[in-house]
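These notes concern the structure reproduced below.
Read the figures in this text as sums done on the coordinates, not as results from a lab. No experiment lies behind these values; they were computed from the predicted model shown. Using ideal geometry, Cβ is built from the backbone for each residue, glycine included, and neighbour counts are taken over all protein chains shown.
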Amino acid sequence: MPPTYNQQDLLLVTNPEEAAELATLFRRSGLRVFTATSCQQAREMLRSGRDPLIVVAALSFRDGSWWSLRKAMIDQHSMAALVVCLPTVDGGVTDVLEAGCSAVLTPPYKLEQIRKLVESTEARRVVPAPQRKPLQSVLSEQARRAARGHSA
C-alpha cells in the first residue's frame with residue numbers, strides 16, 4: 001500500500017551540524033521536521049507509511065548517499081520531492097537534477113530560499129481530496145440494496 005501523504009512533513013537526512021540550521025529554517029517555513037542521520041534510519045522512516053512533502057538529503061552518508069534514498073523513495077512509491085544539499089554550486093548541480101532530484105540547496109541557507117522551495121513544492125503536489133458521498137446517501141443506497149435482496 002502506498003504511504004500516506006502529509007503535506008506538512010519534511011524528512012531531513014544530514015549530519016547533525018547541518019541539520020540544526022536547516023531544521024530551523026524549514027520549521028519557520030511551516031513544516032514539521034523529522035531528522036535522520038543515516039540512510040538506514042531514513043529508509044526506516046520512509047517504510048513507516050508516512051510520505052513527507054519533501055526529503056532533504058546530504059550528498060553522502062557513512063552508509064550510503066542521496067541516490068540510495070532516491071531508490072528507497074521509488075520502492076515506497078513516495079511522492080515526496082527529493083532535495084539534495086551540495087557543499088558548493090560547482091558540485092554537480094546538473095548531474096543531481098538530471099538524476100531525478102527536484103532541487104538543490106547550497107549554503108549559505110536563507111529563509112527566503114527555503115520558503116520558495118516549500119511553496120513551489122506544495123504547488124506541484126496539490127492533490128485533490130477524494131470525493132465522498134454524504135453519509136445519508138450511502139445509507140440510503142445500502143437500504144435499497146438490502147430491500148432488493150429481501151424481496152428477491
Using only the Cα atoms, work out Rg/Rh for region 26-67, with Rh taken as the Kirkwood radius, to two decimals.
0.97
Counted charge near CYS101, where neighbours are those whose Cβ lies closer than 10 Å (Asp, Glu -1; Lys, Arg +1):
-1
